[in-house]
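Have a look at the structure below, then the notes.
The values are calculated or read from the model by the stated rules, or taken from the named source; none is laboratory data. From a predicted model like this one, the values you see are computed outputs, not experimental measurements. Here the Cβ positions follow ideal geometry from the backbone for every residue, glycine too, while neighbour counts run over all protein chains shown.
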Amino acid sequence: MSVLQNPYFWVPCIIFWVNQYLERIQKLFLPFVHSYLDDLMAIPVVLGITLQAFRWMNGENTQMVFSKKQVIIGVVYFGFLFEGLLPFWSSTYVRDPFDLLCYAVGAVYFWVFINNKGIKKLIEP
């Protein structure tokens, strides 16, 4: 199944967009939600888009999925970039270890619901 046809891909996308609309347009600020919801949605959205792009580039392999190692590398990359490097360069970014937990939870969501291999591995012994 295409990532774009998977409703579990669209759930974090819509949650992210609604959260951004409420924060930036409606100026509704909920501290806990503002701090962690985007981080929770980031990995499923970014890895979902990336997986779909890889499938398009490898037209003969439309059922391609990411390995656990690739998903972990994605989480480590996000953690390194957003919790390591960017806080040094800009005061916009704040180092927060709970963000790493949100990335990890988002990766589990991606693995189980979007990366089809994750669903098969969860069901099969």
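Given the options V46, V33, name the one that is at pLDDT 95 or above, closer than 22 Å to L100 by Cα and surrounded by fewer than 18 Cβ atoms within 10 Å (Cβ to Cβ).
Details: V33 fails: at pLDDT 95 or above.
The match here is V46.
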Could you list, in sequence order, all residues of the range 23-35 that are free of Cβ contacts under 8 Å to residues at least 40 places away in the same chain and within 20 Å of the chain's Cα centre (by Cα)?
E23, F32, V33, H34
Just a yes or no: is a residue in the range 3-10 touching a helix residue (DSSP H, G or I) at 6+ places or on another chain (Cβ under 7 Å), β-branched (V, I, T) and surrounded by 13 or more Cβ atoms within 10 Å (Cβ to Cβ)?
yes
